[in-house]
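Here the structure is laid out as structure tokens; the discussion comes afterwards.
The values are calculated or read from the model by the stated rules, or taken from the named source; none is laboratory data. Note that this is a predicted model, so its numbers are computed, not measured. Cβ placement follows ideal geometry from the backbone for every residue including glycine, while neighbour counts extend to all protein chains displayed.
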Amino acid sequence: MSSREDMNSVSNLVQQVFFKVGQIEPPNPGASPRTKSTFNRMLTTVAQAAGQTLDLAVGLSAMADSEDGIPINLGLKVPEWHNFLNVQDRRPQDDMEDIRADEDDGHSGRQERDDDMDEDEDEDEDVDPQDGIEDAQRLTDDEDAGQRARVDDADEVDQVEKAPDARSAKIDELVDMIFAGTEDVGDGIIRYDLQDLRDMILKGGYKGKVVDEEREAFRRMIIGYDVGSLEDLKKVFDEACLGITTVVLTTERALEFAAVKDVPERILKREIFAFRADQQDQVTSYVLNVVRNIEGIRTYDEWDSQSKAFKKNFRRRLAEQLYPQAFHDIETSEDPEKKKSREYTKLVTPVHKKHDKLLSRRKQILFLYQQFGPIVLLEPTFFKTKGIEGYPRQSNNYIKVLDSVLRRVEGQELSVERYTDDRALVLRTVKLLGGDVVEKFVRQFLDEFMYWTLFSDGEDEAE
């Protein structure tokens, strides 16, 4: 049996070859016959090797174990660049070696991961989320009347100069991987399909290293999903038994089992109920993530407009609400005031630090929302946290990559078609998974936070 090391080596080699081919420029008309012949031979070799490799992969897929009851998705509906970059089918317990990441992180050789190790442990580091963002590039002083003003760079949270190596070759390489195949060359962009959306929801995002998750998240924001009708989406979700789940509904379903008179059938229903628990919990978690993304954007928008006096006192008030008993104990103690002051500082400082990091991440989400539109609300990656501190999780180069991604799309307006499609998909998704209340909540946000050309509503997007 081949080792995981061999399998990962093949994956990385194929991906490197793919990007290497993409960097080849066709010879100009004045090139030598030898150069043209070499170019033709390369194309023939690549085409034949790719075709035979595809046949081999399809054959091997018949022997692959599925995950979560979902057939393995080879991504054959989309161009090859999507197959290579789509990390949704990776398993967290697999050895996710990434040659380029290892080189830049200072690792040498192959490093096995323990099956129970947190998949983010080797990739994450506690980097301040506000580092490297140059606010002026994303903001305007005052946009068209009737629209909400965009965020300015007045907040002390974001007064950080751009790192000098943000345009380094490494960052350019990571950003090139994000944008590979995303430009329309005349045949239109092939979007991610509804099965891709469903699988992402089932798995709570994308598996692999943090840098892989971030890359896939950026790509889906740039490319978007097929919109489909409400029935199309419902059919795809029903195939995986995705639907609205709450504590009340879960309890009601459990109560119904007692009415099943046939004992074997009753046992079967209860076991299915138990086996699908994680899946249903994942749906609930995903819907809550959409709500929290929205509340995060709202929070930063309101925070940014507050006075410096308010901001100065806010963290103390926040800490008092979070740790009322600890504050009460300090206030009622007989310690001298100087010691009490030190104890207050111990309580407020970690709250202040976490709040700064969360605000910076929310600001970044707002930037992404302003650029890419409603599709950002479906993305779970950038609000994930790590450790007991609950700081936003990110890869080592995340800030520089984010900055470069936003620079690359600067000035590109969100099209009417893309906005209406993404808005409809978001509303239909949350309606099917969260119900009418969640759909109403999301719709109100979309109507209020409109940074693009105003569109007439027309038909109900959630239908």
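For the list (1) hydrophobic (A, V, I, L, M, F, W, C); (2) surrounded by 17 or more Cβ atoms within 10 Å (Cβ to Cβ); (3) not in a helix (DSSP H, G or I), I need the number of the one condition that I388 fails.
(2)
Within the stretch 399-420, can one find any residue that is part of a helix (DSSP H, G or I), more than 16 Å from R219 (Cα to Cα), in contact with an Asp or Glu (Cβ under 7 Å, 6 or more places away or on another chain) and free of Cβ contacts under 8 Å to residues at least 60 places away in the same chain?
no
Of the residues that make up the stretch 425-444, is at least one over 15 Å from F218 (Cβ atoms), among the acidic types (D, E), at pLDDT below 90 and more than 21 Å from the chain's Cα centre (by Cα)? I'd like the intermediate steps shown before the answer.
Initial filter on the stretch 425-444 (over 15 Å from F218 (Cβ atoms)): 425-444.
Add one more test, that the residue is among the acidic types (D, E), and what stays is 436, 439.
From the residues that got through so far, the ones that are at pLDDT below 90 too are none.
No, that holds for no residue.
Which of the residues belonging to the stretch 397-445 are aliphatic (A, V, I, L, M) and in contact with a Pro (Cβ under 6 Å, 6 or more places away or on another chain)? I'd like the intermediate steps shown before the answer.
Initially, the stretch 397-445 is screened for residues aliphatic (A, V, I, L, M), giving 399, 401-402, 405-406, 409, 414, 416, 424-427, 430, 432-433, 437-438, 442.
If the condition is that a residue be aliphatic (A, V, I, L, M) and in contact with a Pro (Cβ under 6 Å, 6 or more places away or on another chain), then V426 is the only one that fits.
Results for (1) of a type in the set (A, V, I, L, M, F, W, C); (2) touching a helix residue (DSSP H, G or I) at 6+ places or on another chain (Cβ under 8 Å); (3) at pLDDT 75 or above; (4) surrounded by 13 or more Cβ atoms within 10 Å (Cβ to Cβ), shown as yes or no for each residue.
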| residue | (1), (2), (3), (4) |
| --- | --- |
| E5 | no, no, no, no |
| V10 | yes, no, yes, no |
| F19 | yes, yes, no, yes |
| P26 | no, yes, yes, no |
| P29 | no, no, no, no |
| R41 | no, no, yes, no |
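For the stretch 155-263, which fully contained helices (runs of 4 or more DSSP H) count at least 1 residues that are modelled with pLDDT under 85?
In the stretch 155-263, the matching helices (runs of 4 or more DSSP H) lie at 194-203, 230-239, 247-257.
Looking for whichever is touching an Asp or Glu at 6+ places or on another chain (Cβ under 9 Å), under 30 Å from V236 (Cα atoms) and of a type in the set (A, V, I, L, M, F, W, C) here; the options are L433, L425. Which one fits?
Numbers: L433 fails: touching an Asp or Glu at 6+ places or on another chain (Cβ under 9 Å).
Of the residues listed, the single one that is touching an Asp or Glu at 6+ places or on another chain (Cβ under 9 Å), under 30 Å from V236 (Cα atoms) and of a type in the set (A, V, I, L, M, F, W, C) is L425.
Could you grab me the full set of residues in the stretch 280-319 that are farther than 20 Å from T381 by Cβ and buried (at least 17 other Cβ atoms within 10 Å of the Cβ)? Outline the logic, then answer.
First, the residues of the stretch 280-319 that are farther than 20 Å from T381 by Cβ: 280, 301-319.
Passing the criteria: Q280, D301, W303, D304, R315, A319.
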